Amino acid sequence: FETCPGRVLCKVPCSGEKEVDLAVQSAKAAFKIWSQMSGMERCRVMLEAARIIREQRDEIATMETINNGKSIFEARVDIDISWQCLEYYAGLAGSLAGEHIQLPGGSFGYTRREPLGVCVGIGAWNYPFQIACWKSGPALACGNAMVFKPSPFTPISVVRLAEIFTEAGVPKGLFNVVQGGAATGQLLCQHPDVAKISFTGSVPTGMKIMEMAAKGIKPVTLELGGKSPLIIFSDADLENAVKGALMANFLTQGEVCCNGTRVFVERKILDTFTKEVVKRTQKIKIGDPLLEDTRMGALINRPHLNRVQGFIKQAKEQGAEVLCGGDLYVPDDPKLKNGYYMRPCVLGNCKDDMTCVKEEIFGPVMAILPFDTEEEVLERANATKFGLAGGVFTRDIQKAHRVVAALKAGMCFINNYNVSPVELPFGGYKSSGFGRENGRAAIEYYSQLKTVCVEMGDVESVF
């Protein structure tokens, strides 16, 4: 393997109706075995899968970098989060339980937490391996099977995950991978033996998946787009706030759904903050993502690069000022000359009604907007159809909690940004979707509750 942007790495046949049905039936057969195992038995298998991922971390991270284009430094973090996710849900598998409720006359009731069946996971191309673990971890812990479809732009690393699950000892077919685009996804969503769908991706696709799921009354988890606010108050630690803004905008070449791309800066520190952000942004090392010192790799493909460039062009036409970056980058290495690289961009002189401030760009583009009061910035921060994330930087802890309480967003950060511990639920409000990945909350979305009422005396009949 080596990174050769713009060249074909491999060809993957799309799964049609026959292959999708085979995958679902195979998963259905494996579910019968897996769902009857105890939580502790499932725990041991999942811990073994986590161990294999941890031991093969560097190899899998290299595969992910080639798969996606992100820096090897970031890919290793993704793989660490992946094995941690499986460890976390392995730990929960043995603790899943219902409750006992005492009723009058010695009667009682109890609840059972039961798996759903065959769940479908549909992943995005920005965190291919990690998203597959985020979805399969709670699904398998609850006793489900999963058929996973990665993005057609990043088909490779999830296949390795399927192999690892098999090596770890899950029943054959419990975690199946099918390849393809929208047509394959549609076949999965409409399959009568699929019990649940979990999707990460764009709002328009999420709407279509919800429509298809509605026809089969299938529950869905939707983790969709965002245009999240990052609020920097004048009393913030400036160095920390600048680092936070970079983390909120330039991870994975800016291709992150929860990125804080609307950076609201209190006017009295606007110039100082902007100057420092621009200086730090210009120092970001772009190039071969397999090099240890690279911090920004290539965007996912040519059409997406062109789309991001189009947003910057439109921003300039609407009056925004490009303070740095935004142009194409050609590395010195000749084998990288056809790569989809661009310099990270900071936009100044932005207004709330500009397209670059309203729409999700999904690239390394930060928009800086001044504000004067807390009340004003909160109103502006919430004036969006999205509600995935939000952040605040301030030394005033009361203000910090007050602001995040007022933000209409599912994932909020105080004095940090884009931290993804598997112990904490992740998901959005409004058009950013519903349901949650990670944390104990995800268990609710991969299981169902059965209530049993037991009568210990004679039936009281009204007849």
(message) Please report the accessible area of Arg160 (heavy atoms, 1.4 Å probe, ligands and nucleic acids excluded) in Å², nearest 10.
(response) 30
(request) Obtain the nm distance between the two label points defined at Lys18 and Ala214 by a simple spin-label model: each point lies 7 Å from its Cα along the Cα-to-C-beta direction. (result) 3.5
(request) Kindly rank 399-408, 95-104 from highest to lowest mean number of other beta carbons found within 10 Å of each residue. (result) 399-408, 95-104
(message) Let me cross-check Ser26: its accessible surface, 1.4 Å probe, with only protein heavy atoms counted, in Å² to the nearest 10?
(response) 40
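Which order do peptides 284-291, 29-36 fall in by mean Cβ count within 10 Å, highest first?
On the way: 284-291: 19.5, 29-36: 16.8.
Packing proxy ranking, top to bottom: 284-291, 29-36.
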(request) About the Cα centre of the stretch 1-132, how large is the charge dipole given +1 on each Lys and Arg Cβ and -1 on each Asp and Glu Cβ? Please answer in debye to the nearest 20. (result) 260
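Please compute the per residue accessible area over the stretch 229-414 with all protein chains in place, 1.4 Å probe, rounded to a whole number of Å². Let's see the in-between values first.
Details: 7760 Å² over 186 residues.
Each residue of the stretch 229-414 exposes 42 Å² on average to a 1.4 Å probe.
So if each residue of separation counts as 0.36 nm, and I subtract the Cα-Cα distance between Asn415 and Gln36, what length gain in nm does that give?
Numbers: separation 379, 0.36 × 379 = 136.44 nm, distance 4.47 nm.
Length difference between fully extended and current span is 132.0 nm.
Around Ala406, under 14 Å between beta carbons, what's the net of Lys plus Arg minus Asp minus Glu among the other residues? Don't jump to the answer; show the numbers that get you there.
Details: positive: Arg380, Lys399, Arg402, Lys408; negative: Glu374, Glu375, Glu376, Glu379.
Cβ neighbours under 14 Å give a net charge of 0.
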(request) Mind listing the long-range amide H neighbours of Val365? Cut-off is under 5 Å, sequence gap 5 or more, other chains count too, H placed in the peptide plane at 1.01 Å from N. (result) Cys345
(message) So if I restrict to the alpha-carbon atoms in the stretch 174-271, what is the Rg, and what is Dmax, the biggest pairwise distance, in Å?
(response) 19.4, 59
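Per residue, how big is the convex hull around the C-alpha atoms of the stretch 396-436? Give it to me in cubic angstrom, could you? Provide the component values of the computation, followed by the final result.
Values: hull volume 3.1 nm³, N = 41.
In the stretch 396-436, the Cα convex hull volume per residue is 75 Å³.
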(message) Using 0.36 nm times the number of residues separating Glu167 and Asp58, minus their current alpha carbon distance, what extension gain do you get?
(response) 37.4 nm
(request) Find how many whole Å separate the alpha carbon centroid of the stretch 217-242 from the alpha carbon centroid of the stretch 175-201. (result) 28
(request) Let me know the whole percent of all Cα-Cα pairs from the chain that are separated by more than 38 Å. (result) 27
(request) Keeping all protein chains in position, work out how much accessible area Tyr88 exposes to a 1.4 Å probe, and write it in Å² to the nearest 10. (result) 50
(request) Mind putting a number on the dipole of the chain about its Cα centre? Charges go on the C-beta only, +1 for Lys and Arg and -1 for Asp and Glu, and I need it in Debye to the nearest 20. (result) 760
(request) Can you grab the distance from the C-alpha centre of the stretch 368-382 to the C-alpha centre of the stretch 296-336, Å, no decimals? (result) 28
(request) Name the residues whose placed amide hydrogens come within less than 5 Å of the amide hydrogen of Gln56, ignoring near sequence neighbours (fewer than 5 apart) on the same chain. (result) none
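Hey, what D do you get for the stretch 229-414 in µm²/s if you plug the Kirkwood alpha-carbon radius into Stokes-Einstein at 10 °C and 1.306 mPa s? Numbers along the way, then the final one.
On the way: Rh = 16.7 Å.
Roughly 95 µm²/s, to the nearest whole number.
Measure off, as a whole percent, the carbon and sulfur share of the 1.4 Å-probe accessible area of the stretch 229-414, all protein chains present. Could you put the intermediate results ahead of the total?
Working: 3890 of 7760 Å².
That fraction is 50 percent.
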(request) Divide by every residue of the chain the summed helix terms, -39500 (n - 2.57) for each DSSP H run of at least 4, and state the resulting mean residue ellipticity at 222 nm, rounded to the nearest 500 deg cm²/dmol. (result) -12500 deg cm²/dmol
(request) Give a residue-ordered list of calculated ³J(HN,Hα) values for the stretch 63-75 (Karplus: 6.51 cos²θ - 1.76 cosθ + 1.60, θ = phi - 60°; whole Hz; x for Gly, Pro). (result) 4, 5, 4, 5, 5, 10, x, 6, 5, 4, 4, 6, 4
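The values are calculated or read from the model by the stated rules, or taken from the named source; none is laboratory data. Every value quoted in this text rests on a predicted model; they were computed, and no experiment measured them. Neighbour counts run over all protein chains shown; Cβ positions are idealised from the backbone, glycine included. The protein model used for the area step is the full one, side chains on, heavy atoms only, and it has no ligands, DNA or RNA in it. Shrake-Rupley method; radii C 1.70, N 1.55, O 1.52, S 1.80 Å.
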